[in-house]
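Input: a single structure, listed below in structure tokens.
The values are calculated or read from the model by the stated rules, or taken from the named source; none is laboratory data. In this text, all values refer to a predicted model and were calculated from it rather than measured experimentally. Here Cβ is always computed from backbone atoms with ideal geometry, including for glycine, and neighbour counts include all displayed protein chains.
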Amino acid sequence: MHYCMIYVNKIYVNPDHVHIFLKYPPKYSLSYIAKKIKGVSSRILRKEFPHLQEWWGDHLWAPSCFHGSVGQGWDVVEKYIREQDKYEYNRKK
């Protein structure tokens, strides 16, 4: 069995995007990890919910994504994401 040593620390899901915070060894690039996450999750969701394909078309995920790294500023990023979630909640009212 192959272990990549990539750990998901936290996931925040918003209606139109997802924040995933990972701990990973430097031998993997963020673009490689994002590609793997998108590929595996797309296969699983297409298998589990084939009736939703009419909404997805040929691509479940957008081809682009934002990658960033956080050193010791994790608390600032976490607060930003929590506030974004409140904005999403309030925007629906």
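Flag not set for Gly57, criterion: surrounded by 10 or more Cβ atoms within 10 Å (Cβ to Cβ) and out of contact with any helix residue (DSSP H, G or I) (no Cβ under 9 Å at 6 or more places or on another chain).
Residues in the stretch 31-50 that are within 21 Å of Asp16 (Cβ to Cβ) and either out of contact with any His (no Cβ under 9 Å at 6 or more places or on another chain) or at pLDDT below 75 (or both): Lys35, Ile37, Lys38, Gly39, Val40, Ser41, Ile44, Leu45, Arg46, Glu48, Phe49. Looking across the stretch 19-37 at every residue that is under 11 Å from Met5 (Cα atoms) and surrounded by 13 or more Cβ atoms within 10 Å (Cβ to Cβ), the one that is farthest from the chain's Cα centre (by Cα) is identified as Tyr28.
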